[in-house]
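Reviewing the structure listed below.
Bear in mind these aren't lab numbers, they're just calculated from the coordinates by the rules spelled out. Just so it is clear, the model here is predicted, and its values are computed rather than measured. Cβ placement follows ideal geometry from the backbone for every residue including glycine, while neighbour counts extend to all protein chains displayed.
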Amino acid sequence: MNGSLLVDNIGELVTNSPGGGGGPLGIRRDAALLVEDGLVAWVGPARYAPAADRRVDAAGAAVLPGFVDSHAHLVFAGDRAAEFAARMAGEPYTGGGIRTTVGATRAASDDELRATVRRLRAEALRQGTTTIEIKSGYGLTVADEARSLRIAAEFTEDTTFLGAHVVPAEYADRPDDYVGMVCGPMLAAAAPYARWIDVFCERGAFDVDHARAILACGQAVGLGVRVHANQLGPGPGVRLGVELGAASVDHCTHLSDADVEALASTGTDDGGTSTVATLLPGAEFSTRSPYPDARRLLDAGVTVALATDCNPGSSYTSSMPFCIALAVREMRMTPAEAVWAATAGGARALRRDDIGVLRPGARADLVVLDAPSHLHLAYRPGVPLIRRVLHNGVPQ
Ligand code: NIG
Ligand code: FE
């Protein structure tokens, strides 16, 4: 759709572009925003707003960048509601259910997998998510990982090869062979559809040597690094991510002082080279586990992102507002920190500077809330507060 579009009558505009006294969220009052060719063309006081072909009246509500969900596993079949119910009755989460989803995913047709991704992508968009990263990891054969990523790439630029999610049952007694296969034919088949490589570095999944070998193979063919680390217990995953210059280490539930220091040493620079700690409170909610301590990371100067981890096992939510509310209530984040982490933080975790901000030149990805302030995202948990979404400047 061509032509310019003016969003005006904005009560509170969260730009994430600091300066001008708006705090870290770069908040502007009585602002307007002009969209042209899918990009933000102008931001300024409403009284100076340029003429436009069309108008979106925000009616005094808050407007913020669309959410950036930098961690999701959407390519799968089946669900694990019974496993969830068992956990709520006292069973622990071990990651063992991943193999159940692998079986269902292998048995599904391309169209069935595509329909699930489409449904969850639409569900997330309705809740304000304008960018979503999508991982493979429930195929675990050369063909099933390649098709998972091929389908994911139909929906996002940020696709992640997670062939090293767990060792599949047929390789259970020869994990070295599986790692060799991941680094060889599986990576070759997956890489054309992937921007990132990820490993589940955890007891019961991949140890640090296997994880390092797999991530290094991915880096060698140009993929960026992300790591599932320190989710179920302490371990070397976070420091491995820092060692390899990962864009993000995800979960970070069990951290030592050395882990926090290693993350802090990567800095918070705008140049996009720091390693972000991506926290996934939906997983702790759905596995009834202690939440990560976001305050400790923030106070140490670590860049923090929030994401859903949407998957059928440990976190079957696509809702970034839900994650913001959990982070504020359970992880000692302020509402402003949580909103930043769910927008600009996610963009940092994906090493992107065109999203997560509302400034001239950025993508016109934004949400209009049914509320006067970003505070309401945590203050009114469970309430559908996303009134409108613009994605690439197009009202959805
Ligand atoms: O990020 N931890 C590893 N992978 C997923 C869970 C996958 C599953 O249980 O199906 C996660 O939580
Ligand atoms: Fe995950």
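Between the alpha-carbon centers of the stretch 65-118 and the stretch 293-313, tell me the distance in whole angstrom. Cα centroid to Cα centroid, the span is 21 Å. Cβ-Cβ distance of E330 and A216, R₀ of 41 Å, FRET efficiency by 1/(1 + (r/R0)^6): the value works out to about 0.70. Fully extending the segment from R55 to E154, taken as 0.36 nm per residue of separation minus the present Cα-Cα distance, adds 32.6 nm. In this simple spin-label model, placing a label point 7 Å from the Cα along the Cα-to-Cβ direction at both N392 and E243 gives a separation of 4.0 nm. Using a cutoff of 8 angstrom between alpha carbon atoms and counting only pairs six or more residues apart, the relative contact order for the chain works out to 20 percent.
Answer rounded, prolate or oblate for the stretch 262-396, using the Cα gyration tensor with square roots of eigenvalues a ≥ b ≥ c: rounded when a/c is under 1.5, else prolate when a/b is larger than b/c, else oblate. Verdict is oblate for the stretch 262-396.
By the count of other C-beta atoms within 10 Å, a proxy for reagent exposure, W196, W340 are ordered fewest to most as W196, W340.
Packing, taken as the mean count of other beta carbons within 10 Å per residue, orders the peptides 42-49, 240-247, 60-67 from highest to lowest as 60-67, 240-247, 42-49. Helix 320-330 and the longest principal axis of the C-alpha atoms of the chain enclose an angle of approximately 80°.
Output the 0 to 90 degree angle, nearest 10, between the alpha-carbon long axis of helix 142-152 and the longest principal axis computed from the alpha carbons of the chain. So the inclination is approximately 10 degrees. The order of T253, T308, going from fewest to most other C-beta atoms within 10 Å of their C-beta, is T253, T308.
GNM remark for the chain: springs join alpha carbons under 10 Å apart, and the peak mean-square fluctuation among V167, V304, V199 falls on V167. By the count of neighbouring beta-carbon atoms within 10 Å, fewest first, S286, S148 end up ordered S286, S148. In this label model, D257 and R126 are separated by 4.9 nm, measuring between points 7 Å along each Cα→Cβ vector. How far is it, in nm, from the label point at R29 to the one at R99 when both lie 7 Å from their Cα along the line to the Cβ? That separation, rounded to one decimal, is 6.0 nm.
May I ask you to derive the relative contact order of the stretch 200-323, considering only C-alpha pairs under 8 Å and at least 6 residues apart, and to give it as an integer percent?
Relative CO of the stretch 200-323 lands at 18 percent.
In terms of overall dimensions, the chain has a Cα radius of gyration and Dmax of 20.5, 69 angstrom. The phi-based Karplus calculation (6.51 cos²θ - 1.76 cosθ + 1.60; θ = phi - 60°) puts the 3J(HN,Hα) values of the stretch 4-16 at 8, 9, 9, 9, 9, 6, 8, x, 9, 9, 8, 9, 6 Hz, whole numbers, x for Gly and Pro.
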